[in-house]
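Please treat every number below as a calculation from the coordinates, not as lab data. On a predicted model such as this, the values are computed, not experimentally measured, just so you know. As a convention, Cβ positions derive from the backbone with ideal geometry for all residues, glycine included, and neighbour counts pool all protein chains shown.
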Amino acid sequence: MPIPELILASDATRIGQDARQLAKQAKRGELVRVRRGAYIPSAYWSELNERQRHGLQAAALVNGAMTAPLFNLQTAALLWGLGVVGVPKRLCTVTDDPRGGRSKHGIRRSLGSLDIGVAELGAFHVTDKVRTTVELAACLNFAEALAVADSSRRKQRWGDAFEADNWNKDKPWGPPARMDELTEAVTALTSLSRKRRAASILDLSSEHSESVGESMSRAQMILLNFPMPSLQSSFTLGNGRTARTDFWWPELDLVGEFDGHGKYLRHELRGGQTIQQAVMAEKARENALRALGLSVIRWDWSDMMNPRVFARILNDGGLRSLRAA
């Protein structure tokens, strides 16, 4: 659904209308106040997801600011299409004023450069992909940081195209970040502990992980000290088709698959199939992998987020943690 332009109180005033009428319409439920002086029809707001709403809040801040804000951290990562878990409650911005780092009015301000490592995505001024990745790697928890780093390094297939200022990206925008660029950006971090943390995340990251769920699954394997699998391995099935697997432990002939809800619920990921057809096709694919002599274990998001449950699934496949019980 196309998102309409924001209705700005400043525009109403400029053409001689009473901007207070917008506040009254919002009170009646006809409009939603996105930020001070910026509104959108309620019917449109109700149809937007959290990423799109965050983007509208960013647009409202841009339209209402004297100086264009520089977005960073999760806000910038969302616009880059990186593997961010959830949506921040506040807009993340950069300030170069040591006294102006307080967060208020729905804005999180952090101290940093306004000139180095910046980019333009549509109408938005953001930290570039490399800087965004490294700064998040230095502050997020391990699993979420690994998901961001993986997605930043991921290579895109031909044909992937988005509008630069589309906040609903489900794949990274632009060329992948190179390891030499990321490693160099680590040196710009302000503390030794942040540098060490970001460097360790980059060392464990991979360009072959294809989703946030896969990255966080691998992070859990690392935390639980399980043997590391090969990523995106290909197998020729009995019908001549090729199957790529999320995880493969060759020493056990064991395949692991992360079942994200989007695989079955999102129409574009089902390739035009119904949900029932997608489920049956996945079952047939699993049977074909088993026919090659492979064992297959599966888990979903809730399984992976529970360390005990996830460890049990891996144990059932024959994997053993190197950590003492």
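Of note:
- Sorted peptide list for 186-196, 79-89, criterion being average Cβ within 10 angstrom, highest first: 79-89, 186-196
- Computed [θ] at 222 nm, helices only, for the chain once each DSSP H run of length n ≥ 4 contributes -39500 (n - 2.57): -11500 deg cm²/dmol
- Pairs of Cα atoms nearer than 8 Å and 6+ residues apart set the relative contact order; for the stretch 1-48 it is 37 percent.
- In straight-distance terms, cross-link reach from K283 covers every one of the lysines whose alpha-carbon lies under 24 Å from its own, apart from those fewer than eight places away in the same chain; here that gives K263.
- For K104, a cut-off of 18 angstrom between C-alpha atoms picks up these lysines, skipping any fewer than 8 places away in its own chain: K89.
- Taking amide H as placed 1.01 Å from N in the peptide plane, the amide H of L111 sits under 5 Å from that of T95, each at least 5 places away or on another chain.
- The H on the amide N of A38, modeled in the peptide plane, is under 5 Å from the matching H of A9, each at least 5 residues off or on a different chain.
- When both bridge partners sit in the chain, DSSP labels roughly 60% of those beta bridges antiparallel.
- Each of Q52, G81, L292 was placed along the dipole of the chain (beta-carbon charges, centred on the mean Cα), and the one lying farthest toward the positive end is Q52.
- Think of each Lys and Arg Cβ as +1 and each Asp and Glu Cβ as -1; about the Cα centre, that makes the dipole of the stretch 1-48 roughly 300 debye.
- The candidate values are (i) -0.19, -0.26; (ii) -0.31, -0.39; (iii) -0.26, -0.36; the one derived from this structure for log10 I(q)/I(0) by the Debye sum over Cα atoms at q = 0.06, 0.07 Å⁻¹ carries the label (iii).
- For the stretch 216-316, the direction-averaged projected area of the alpha-carbon convex hull comes to 6.6 nm².
- Cα pair distances of the stretch 1-48 binned at 10 Å [whole percent]: 29, 54, 16, 0
- Comparing S230, S206, S152 in a Gaussian network model of the chain (Cα springs below 10 Å), the most mobile by mean-square fluctuation is S230.
- Candidates D170, D128, D180: whichever shows maximal mean-square fluctuation once the chain is modelled as a Gaussian network with Cα springs under 10 Å: D180
- Coordinate range along principal axes, alpha carbons of the stretch 52-158, Å, largest first: 39, 28, 26
- Amide H to amide H, with H built 1.01 Å from N, S233 comes under 5 Å of T245, counting only residues 5 or more places away or on other chains.
- Across the chain, C-alpha contacts under 8 Å between residues 6 or more apart give a mean separation that, scaled by the residue count, equals a relative contact order of 11 percent.
- GluC sites (Glu not before Pro) restricted to the stretch 13-53 and DSSP loop, no more than 12 other C-beta within 10 Å: E47
- Given +1 at the Cβ of Lys and Arg, -1 at the Cβ of Asp and Glu and no other charges, the dipole of the chain around its Cα centre is 1020 debye to the nearest 20.
- Surrounding net charge for V94, when Lys and Arg each add one and Asp and Glu each subtract one, Cβ distance under 13 Å: -2
- In the stretch 100-210, Cα pairs under 8 Å separated by at least six residues give a relative contact order of 29 percent.
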